[in-house]
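To start, the structure itself, in structure tokens.
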Amino acid sequence: MKKTLFSLGVFSMLLALSCSKKADFDYYYYSEEDTKTLEKYLKLPERPFPYTVELPQHLSSIGLFPRPSEFNKATLGRVLFYDKNLSKDGTVSCASCHKQEIAFSDDVAYSRGVYDRSTSRNSFALGSVANFSAYYGTDLNGSSAIRFFWDNRAETAADQSRGSLTNHLEMDMTMEQVVAAVTNQPYYEPLFKKAYGHFNVTEDIVLESIANFVNAMGSFNSKFDENANGNYPTYSGNAFVFTPFNGFSASEKRGMELYNANCASCHSGNMGRPVLNYANNGLDLSTEADQGVGAISGISYEMGTFKVPTLRNVALSAPYMHDGRFETLEEVIDHYSTGIKAHPNLSLDLKNSNGTPKQLNLTAQQKADMISFLHTLTDNEILQAEAFSDPFKH
């Protein structure tokens, strides 16, 4: 009997120790030592965010499917995205020009890079995209995928990151210097070990990690999405038809009708993938100063053309256009109402049958309605999501 009680006691003690060790294992996703290192510099959750993306029905029904991000790599990519140590003067990160609170855009026409240098184009609003992995990047979506930068020169998110890290106006690093900077920061070793099982920093690993973070980004929780998803809309071309959008005001509905009639053929009516990859929208009669896509391709009819963005969170991402020339949505609407110039490569969607610019000639009420509709594209969740916020302690 005593032997039995002794055995039970030993068993209970071993079980308790086992549970205790299991509890410690569960609590410390990172080792206890690594946790202390991370907590010294970063505000990370005990376990990484899942970085899963589930697009609403109205987007998945048209064939948009996000690719899964590896959450440990995306966590590492989040830190890299916000790390100013990856710039030559230690003052600029990717997030410096892509601010979360304004849809990962910048609020100036030209962002400031290292040594206060001015960039050459307006920072693209990352929050304008439903989800990068669903239709951006030739590595994920083939040759027809949307590419990165205003001139579409980068085929993948990794290419885009390399371009910004090494641009002398932005972060002005070589990739060798980036690798050295990452290697020298103590908080990266725990993140690398979880993401890759080692701390052998390479250019490819750095870029892959940033790409995992960027490809997990997406904006699809706006008033527009709520109404589109609830009504299971049908489509005619790129526009919604026979869809009540009962949550919209009368002005927002009128604005959507105007948008579908005049803008959806380029920017998309479902706010998923844009219809055109690039176009000229008549900002100038000539564009010798910046030839956009044409400067990369050398093709004459692409001179002066630029990426056609989707317009999610557009009310937050001023100033507008590739050169940030318009400070307000009102100025943008005025351009399409009466200001389109007869550039030689003006988009066919902006031409009359005789080749002249197709000015919309909107009334004051129509302009107000259009702007009301554009405000329905604001997604407050992406602006506040901790998974995409600055992880550094300041």
ask   = What's the extension gain from LYS40 to ARG325 if we count 0.36 nm per residue and subtract their Cα-Cα distance?
value = 98.4 nm
request  = Give me the angle, in degrees from 0 to 90, between the Cα long axis of helix 364-375 and the longest principal axis of the Cα atoms of the chain, rounded to the nearest 10.
outcome  = 20
inquiry  = Using the Kirkwood formula on the Cα atoms of region 271-394, what hydrodynamic radius do you get, in angstrom to one decimal?
reply    = 16.4
Amide H partners (placed H, <5 Å) of PHE392, local residues excluded = LYS43
query = Just one of [x] 26.2, 125; [y] 24.7, 104; [z] 21.1, 65 is Rg and Dmax of the Cα atoms in Å calculated from these coordinates, so which is it?
reply = [y]
message = Please list, in order along region 384-391, the HN-Hα scalar couplings obtained from phi with the Karplus expression 6.51 cos²θ - 1.76 cosθ + 1.60 (θ = phi - 60°), rounded to whole Hz, x for Gly and Pro.
response = 10, 4, 4, 4, 10, 8, 5, x
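Within a 10 angstrom radius of the beta carbon, how do ARG273, ARG121 rank from fewest other beta carbons to most?
The most exposed by this proxy come first: ARG121, ARG273.
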inquiry  = How would LYS307, LYS358 line up from fewest to most surrounding beta-carbon atoms within 10 angstrom?
reply    = LYS358, LYS307
ask   = Each residue of region 174-190 in order: what ³J(HN,Hα) in whole Hz does its phi give by Karplus 6.51 cos²θ - 1.76 cosθ + 1.60, θ = phi - 60°, with x for Gly and Pro?
value = 8, 5, 4, 5, 5, 4, 5, 5, 5, 4, 7, 9, x, 6, 7, 4, x
task = Pull up all non-local amide H partners of PHE326: gap of 5 or more, or a different chain, and H-to-H distance under 5 Å with H placed in the peptide plane.
result = TYR320
request  = Neighbouring Cβ atoms within 10 Å as the yardstick, rank GLU176, GLU203, GLU170 fewest first.
outcome  = GLU176, GLU203, GLU170
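Readers should treat all values here as calculations from the given coordinates under stated rules, not as data from a laboratory. Note that the coordinates shown come from a computational prediction; the quantities given were computed from them, not determined experimentally. Methodologically, a virtual Cβ is constructed for each residue, glycine included, from the backbone with ideal geometry; neighbour enumeration extends over all protein chains shown.
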